[in-house]
Amino acid sequence: KKPTEQTIREAAQLAASYSSAWREMLRAVDVYWVSPEQVSKSPPPGQYLKKGSFVIQGSKNYIRHVPLEVAIGIKVEKEYPTVVGGPPEAIMEQTIVYVKVIPGNQTGSRLADQVKNLLARRVPQDVQRKVLEIPLEDVQRFIPSGKGAIKSFS
């Protein structure tokens, strides 16, 4: 099945945000994508590939100036909240509240605690206690490279 433009944009933002560019505190990077048929684990004749490497054949499709930004939100199913994270457009559609995080200097544990508390204050009262009981690691795993800063919340 061919992905939509939105899916490609979201995948590009996910790849950019969870790359080394986050650790370098960049705000945006260029990302490219290729179709599955362009990827091969077999080297061209006469060449060698290290274990785990692959070759891309053909042209790359670039997406320029992809912002490094992730959203972390609370999704409630059957009165049970769970933490979800990823590209903001995707997270906005499936959560009741979310926080946008960008590259920054704040440690992951401290940032995760702030994110969790912000989210807990914005969920309906009957869900708030359950959100506060969510392990900090469930929030922290969505913070790329373990550091960041809060950009905004909704």
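When each of the peptides 1-8, 83-90, 41-48, 61-68 is scored by the mean number of other C-beta atoms lying within 10 Å of its residues, the order from highest to lowest reads 83-90, 61-68, 1-8, 41-48.
The residue list Trp33, Ser20, Val76 was ranked by how far each Cα lies along the charge dipole of the chain toward its positive end, using unit charges on Cβ atoms, and Ser20 comes out on top. In the full protein context, the chain carries 63 Å² of accessible surface per residue, based on a 1.4 Å probe and ignoring ligands, DNA and RNA. With 5 Å bins from zero, work out the P(r) of the range 5-154 over every alpha carbon pair and list the percent per bin. Histogram of Cα-Cα distances, whole percents per bin: 2, 10, 17, 17, 15, 12, 10, 8, 5, 3, 1, 1, 0, 0. Note: the range 5-63, Cα convex hull, 113 Å³ per residue. Calculated [222 nm] ellipticity per residue, helices only, for the chain: -9500 deg cm²/dmol; basis is -39500 (n - 2.57) per DSSP H run with n ≥ 4, divided by all residues, nearest 500.
Pair-distance distribution P(r) for the range 58-119, from all Cα-Cα distances in 10 Å bins starting at 0: 20, 44, 23, 11, 3 percent.
When the chain is treated as a Gaussian network with alpha carbon springs shorter than 10 Å, the biggest mean-square fluctuation among Ser17, Ser40, Ser109 belongs to Ser40. Our coupling estimate for the range 7-18, obtained by passing each phi through the Karplus curve with A = 6.51, B = -1.76, C = 1.60 and θ = phi - 60°, is 4, 5, 4, 5, 5, 5, 5, 5, 4, 5, 5, 9 Hz, Gly and Pro reported as x. The magnitude of the dipole of the range 1-82, with charges of +1 and -1 set on the Cβ of Lys/Arg and Asp/Glu and taken from the Cα centre, is near 300 debye.
The values are calculated or read from the model by the stated rules, or taken from the named source; none is laboratory data. The structure displayed is predicted, hence computed values, not measured ones. No Cβ is skipped: glycine too gets one built from the backbone with ideal geometry, and neighbour counts run over all protein chains shown. Ligands, DNA and RNA are excluded from the accessible area calculation, which covers all protein heavy atoms including side chains. Shrake-Rupley method; radii C 1.70, N 1.55, O 1.52, S 1.80 Å.
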